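Everything below concerns the one structure shown next.
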Amino acid sequence: MANRAYNFNAGPAALPLEVLQQAQEEFVDFRGNGMSLMEMSHRGAVYEGVHRETEQLLRELLGIPDGYKVLFIQGGASTQFAMVPMNLLQPGKVASYIDTGSWAGKAIKEAKLFGQTAIAASSEKDKYNRIPSAAELQIAPDSAYVHLTSNETIEGTQWQEYPDTGSVPLVADMSSDILCRPLNVSKFGLIYAGAQKNLGPSGVTIVIIREDLIGNPSMPVPTMLRYDTHAKNDSLYNTPPTFAIYMTNLVLKWVKAQGGAAAVEKANRAKAKLLYEAIDQSGGFYRGFADPGSRSIMNVTFRMASEELEKLFVKESEAEGFVGLKGHRSVGGLRASIYNAVPLASVQALVEFMAEFKRRHG
Ligand SMILES: Cc1ncc(COP(=O)(O)O)c(C=O)c1O
């Protein structure tokens, strides 16, 4: 389609064109039901079919074993920052966090509202340009859980291999890299992710939780913020975000048609390689922010010699049809978010633009 932008937005982000087209086709009359999916009861058979199929697709594509519940919750990943400690932090225990950057920091700030927290490792002194190594981890023995952020969307760092936390449940915010690669869910007690990067539009947050962690909050927790409320009711306790779940359903089918998580990982690695090579081979004109051992294959962050040059890069790129290349306002610089649905052709076009920009301004 000629007028689609090269979309490198950090989230909400690019969706597969095929998914948008199918949603468009089904928009007014959903599969012969004489109404849009948005106009249907969430208690009716048609919507319930979509709801259950979405869970099944997640189970299949992420290899979620028995003994885990899959929940659809509203309020974004930011609400999970509070729900995790409210539901999992037991008296006399501490909530341990690995401090890898902006999003980990927000999770920590929220946990502090509910009890004692501890920092198991931090890369703050390196300006969060890397993920701490396994050797740096110091997990307090009385930890209720250890929380990590699998991919720091703003800094552009990503866990390459998850740490072993023994009997302490590992909790992960996977908002910006869920389903970018195969996952061993059994390593985790709880995984959460806002949908609006790799799974669909904003409005629904996926929670994958080991059953033994459900239903035991030690403090008064509002009904809607208890995991057991959603688990007991198959995420239909109240009205779920039906349209967001339907769009997620279509994205999951698209991932399946690509060949699943392993095939998507291969494509993601090819895109990331192209971009990091363009940075590394620019003779210092472009400088990668993340330490090479911690580089994200979802958010590629880089800087240039001056902020003026970075501004010019953004301005000229926008004139060429590129969207979303400005770094997050908190850290500056440049960022290309290359989630699952960003086509290789967009990355190829960006790499060409980068070479051309360097020729003109280098
Ligand atoms: C890693 C990470 N965690 C949490 C969030 C917050 O998500 P939400 O806006 O859904 O609350 C984001 C959003 O960009 C994110 O990238």
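Below are the figures for this structure:
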{"item": "Normalised contact order of the range 259-361, rounded percent, pairs of Cα under 8 Å and 6 or more residues apart", "result": "28"}
{"item": "Pairwise Cα inverse-distance average, inverted: Kirkwood Rh of the chain (Å)", "result": "21.3"}
{"item": "Partner lysines for LYS112 [C-alpha distance under 20 Å; skip if fewer than 8 residues away on the same chain]", "result": "LYS93"}
{"item": "Set of lysines with alpha-carbon distance to LYS256 below 29 Å, sequence-local pairs under 8 removed", "result": "LYS69, LYS187, LYS197, LYS232, LYS266, LYS271, LYS273"}
{"item": "Fewest-first ranking of GLU152, GLU316, using other Cβ atoms within 10 Å as the exposure measure", "result": "GLU316, GLU152"}
{"item": "Exposure proxy order (Cβ contacts within 10 Å, fewest to most) of TRP254, TRP103", "result": "TRP254, TRP103"}
{"item": "Per-residue [θ]222 nm for the chain (sum of -39500 (n - 2.57) over DSSP H runs n ≥ 4, rounded to 500)", "result": "-11000 deg cm²/dmol"}
{"item": "Global form of the range 259-361, assessed from the alpha-carbon gyration tensor, a/c cut-off 1.5", "result": "prolate"}
{"item": "Pairwise Cα inverse-distance average, inverted: Kirkwood Rh of the range 16-145 (Å)", "result": "18.5"}
{"item": "Percentage relative contact order, the range 146-209, counting C-alpha pairs under 8 Å, at least six apart", "result": "28"}
{"item": "Per-residue HN-Hα couplings for the range 334-341 [Karplus 6.51, -1.76, 1.60; θ = phi - 60°; Hz; x = Gly/Pro]", "result": "10, 8, 10, 8, 10, 5, 3, 7"}
{"item": "Dipole in debye (nearest 20) - the range 18-256, about Cα centre, beta carbon charges: Lys, Arg +1; Asp, Glu -1", "result": "320"}
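Only the coordinates and a few stated rules stand behind these numbers; no lab work does. These figures come from a predicted structure and were not determined experimentally. Quick reminder, even Gly has a Cβ in these numbers, built from the backbone with ideal geometry, and neighbours come from all protein chains shown.
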